[in-house]
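The values are calculated or read from the model by the stated rules, or taken from the named source; none is laboratory data. Computed from a predicted structure; not experimentally measured. Note that each Cβ is placed from the backbone with ideal geometry, even for glycine, and that neighbours are counted across all protein chains shown.
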Amino acid sequence: MNRPYHHFYRFSLPGIISQLLLMAFVNIAGLGFSFLVWNSTVNAQSSSSTGTSPQNTDIINYSRALLKIESVRQQAFENIKKIIGNREIPKMACNDPSSLNNIPSEARDIAVNYCNRSQEIVKENGLTIQKFNDITLELQKNEELKNQIYRTMIRLQKNPDAQ
C-alpha cells in the first residue's frame, strides 16, 4: 500500500547527522537552536564533484532556509510534544517512514507536514534539494564555510532583509 508520505522521505542518515552537527554548532554558538532532540534534515549525498565552495548567494539562501526550517521544526516539535505528553519523543527522521510508526497518527501527520514544509522552504529560498544537501555535506569538512554560515545567520537574524 502506498502511503502518502513516502515521497517526502528522500533523505539519508548522513544528511541527518550532518545537519544535526551543524545545528548543534549553532546552538552552542548561542543562537538558541535545539536540534539535539529531533533529527530532521535532507539528504547530504556528495555530488560536489567540482570541490568548489558555495557562492555567497547560496550561503545566504542556505542560512535563510536553516533559520526558517528551525522555526518550523520548533513549532512541529511543540505540537508533537502536546500530543505525546510526558512520554519521551522518539527520534524521527524524514527519510525513514518507519521512524514514525511509534507515535500517534496526529503526531505523525505533524511530522510529515514538517518534512514537506522543510523541502518547500529550501526551494523557496532559491536552492534545490541537491544544492542544500551539497552545502550540508560541505559543512562537515569546511570550517570556513561553517563560520560563513554562522556569521550569515547572525546577520540575517539582526536584519532579515540583508544580503
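Considering ILE89, ILE83, ILE110, ILE69, the condition of being in a loop (DSSP other than H, G, I, E, B), on the phi < 0 side of the Ramachandran plot and of a type outside the set (D, E, K, R) is satisfied by ILE89 alone. Only one of the numbered conditions (1) modelled with pLDDT of 95 or more; (2) more than 13 Å from the chain's Cα centre (by Cα) is not met by GLU120, and that is (2). Close Cβ contacts (under 8 Å, 6 or more residues apart or on different chains) running from residues in the range 113-130 that are within 20 Å of ASN56 (Cβ to Cβ) to residues that are outside any helix (DSSP H, G or I) and among the small types (Gly, Ala, Ser) comprise GLN130/SER47. The residue that is surrounded by the fewest Cβ atoms within 10 Å (Cβ to Cβ), among those in the range 67-124 that are polar (S, T, N, Q) and within 24 Å of THR152 (Cβ to Cβ), is SER71.
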